[in-house]
Amino acid sequence: MKSIAKDMSLAPSGHAKIEWVKNFMPVMSAIDKEFSQSKPFAGKKIAISLHVEAKTAYMAEVFQHAGAQVALTGCNPLSTQDDVVAALIEDGVTVCAIHGCNPAEYENFIDSVLDIQPDMIIDDGGDLVNQIHTKRRELIPNIIGGSEETTTGVKRLHNMEARGELAFPMIAANDAYCKYLFDNRYGTGQSTWDGIMRTTNLVVAGKNVVIAGYGWCGKGAAMRAKGLGANVIVTEVDPIKAIEAVFDGFRVMPMSEAAKVGDIFLTVTGDKDVIVDEHFKVMKSGAVLANAGHFDVEINIPQLEGQSVSRKTVRNNVEEFLLKDGRKIYLLAEGRLVNLASGDGHPAEIMDLSFAVQFFSAAHILHNHEKLENKVYLMPEEINAKIAEIKLDSIGVKIDSLTEEQKIYLSL
C-alpha cells in the first residue's frame, strides 16, 4: 500500500519536531533500546489511528524498530501535522493522513491503513474498531486484538462488549493509571489552555471559565484555569463529581445558569449537546467556546449557526458567529479538540507515559491473545508499576521499598 501525504517537501520540519520530543520521552527511548534488539513484533502488522504529530510519530517508529510493519492514520482531521507525516514516510512508516481532510477522505484513510490486513490495532476514539466491525469484517479473523487510547473509544468498546458485538480482545489503555492520572489530568489540563491561549491571544485571569464535565480531563482543565487566575465554574450531571468539584473550591451550577455568566466555555464530557440553543440565547457577547472532548458534538454547532446571521473566520482557528440580536460568539477549532487542532497536543513528557502504556498493551496482547476473550481488559498492574519505575529512574527520583517484615505485616 502507498502512503498519502500533503507535501513531502515538509519532511525536514517534521524530522526536527520528532527529534525534539525524543529528548523528553525517556521511557519510550528505554523501550526502543530494549526491544529494537529482541524485535518481539517481527512479522506482525499494526494499524494505528491516532493524532498524527511528533509524539505519535516516535511511538510508531518504536513499534517499527521492534519489528512491526506499521500503517498510521489520523483520528481527527485537524490534528494531523503534514510535516510529521512527510518525515515518517521518509523513515519508512506507511502513513495516510492530511490536515483538514474532508469526511470522505478521512474514512478513505481509515480504510487505507486497514488494507495492511493488520494483526493488531491501536485506536483513538474507536474509528478503526467501528470500521472493522461494520465495513471490513473480512479482517476480523486475522486480528488478535488491540488497544484504545481515549475515554470516548473505551465507552464505545464497553457498549459493543455489552451487546455481544466485540469480535476481538481490546485493552483499555486509557484506563491504565499511567495514562489517565497523567495524560487526562496534566496533559489535557496544560495542552487545552495552550491551545486556547495561543489561538485567541486573550487573558484568562479574571474571566469566568466554565468547565463542562469534571472527569480526569475536567479536573486538569479546571486546575490549570484556576492557576491562570480564572474564576472557575463546573457543570456536571454526576452528583459525586459535583461534590468533588465543590470540595476542590469551584462553583458548581447547571449549564443554564453558567451560560449567563461565562466568558470562556470548555466542554470535556464525551457526550453530545452539552451546549445548545437555550445556552447560546443567554450568553454574553464575546463568549468563547472550545471543546476538548474527542468528537465535535459537545457544542451544537448547527443550532448556533441557526441563531446566527453570519459565520466567518476572524483568526486562524477562530470563527465568529454574529447572532440576530447583534451578539458575537466565538468558536475555536470548529468545535474539535482544541488542544490538538489549535496546538501541539499533550507535552512530550506526558505522552511518554501514555505511549509506553500503548506499547506494553500491544505486547500483552501479543503474548496472551490465545487466553483472552472478546472483551475489554485493563492493563495488568505490574506493567503500570514498571512504566512508573522507568519514568522515575529517568528523572533521577528514588523511592522507598518495603522490608520483608513490612510485606509480612501487610499480608496479615
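The values are calculated or read from the model by the stated rules, or taken from the named source; none is laboratory data. Only a predicted model underlies this, so the values are computations on that prediction, with no experimental measurement involved. Virtual Cβ from ideal backbone geometry, glycine too; neighbours counted across all protein chains shown. Side chains are part of the model used for accessible areas, which takes the heavy atoms of the whole protein and leaves out ligands, DNA and RNA. Shrake-Rupley method; radii C 1.70, N 1.55, O 1.52, S 1.80 Å.
Some points to look at:
- Condition check for Ala290: closer than 24 Å to Thr151 by Cβ and part of a strand (DSSP E or B): yes
- Subset of region 237-248 (residues that are closer than 25 Å to Arg336 by Cα, open to solvent by less than 80 Å² (accessible area, probe 1.4 Å) and part of a loop (DSSP other than H, G, I, E, B)): Asp238
- Restricting Ile196, Ile211, Ile171 to those that are crowded, with 24+ Cβ neighbours inside 10 Å, more than 29 Å from Ser256 (Cβ to Cβ) and of a type in the set (A, V, I, L, M, F, W, C) reduces the list to Ile171.
- Flag for Leu266 being crowded, with 17+ Cβ neighbours inside 10 Å, of a type in the set (A, V, I, L, M) and either within 18 Å of Leu323 (Cα to Cα) or touching an Asp or Glu at 6+ places or on another chain (Cβ under 9 Å) (or both): no
- In summary, Thr152 fulfils each of the numbered conditions (1) of a type in the set (S, T, N, Q); (2) open to solvent by less than 10 Å² (accessible area, probe 1.4 Å); (3) closer than 30 Å to Ala230 by Cα with the single exception of condition (2).
- Residues of region 188-224 that turn out to be under 16 Å from the mean Cα position of the chain (by Cα), in a helix (DSSP H, G or I) and either closer than 21 Å to Leu157 by Cβ or hydroxyl-bearing (Ser, Thr, Tyr) (or both), as a count: 5
- Within region 354-412, being of a type in the set (A, V, I, L, M, F, W, C) and touching a Cys at 6+ places or on another chain (Cβ under 8 Å) holds for Ala356, Val357, Ile387, Ala388.
- Residue count for region 23-64, restricted to those that are over 24 Å from the mean Cα position of the chain (by Cα) and farther than 18 Å from Asn142 by Cβ: 8
- Qualifying residue in region 121-128 (condition: under 19 Å from Ile46 (Cα atoms), open to solvent by 10 Å² or more (accessible area, probe 1.4 Å) and outside any loop (DSSP other than H, G, I, E, B)): yes
- Candidate set: region 338-369, residues that are within 26 Å of Val297 (Cα to Cα) and among the small types (Gly, Ala, Ser); chosen: the one nearest to the chain's Cα centre (by Cα): Gly345
- Qualifying residue in region 249-260 (condition: under 26 Å from Lys324 (Cα atoms) and open to solvent by less than 10 Å² (accessible area, probe 1.4 Å)): yes
- Count of region 29-59 residues which are acidic (Asp, Glu) and in contact with an Asp or Glu (Cβ under 7 Å, 6 or more places away or on another chain): 1
- Within region 271-287, the residues that satisfy the criterion of being open to solvent by 20 Å² or more (accessible area, probe 1.4 Å) and either polar (S, T, N, Q) or in a loop (DSSP other than H, G, I, E, B) (or both) are Asp271, Lys272, Asp273, Val274, Val276, Lys281, Val282, Lys284, Ser285, Gly286.
- Residue count for region 288-300 under the criterion of being touching a helix residue (DSSP H, G or I) at 6+ places or on another chain (Cβ under 6 Å) and open to solvent by 20 Å² or more (accessible area, probe 1.4 Å): the result is 1.
- Scanning region 134-178 for residues that are within 24 Å of Thr269 (Cα to Cα) and among the β-branched types (Val, Ile, Thr) gives Thr150, Thr151, Thr152, Val154, Ile171.
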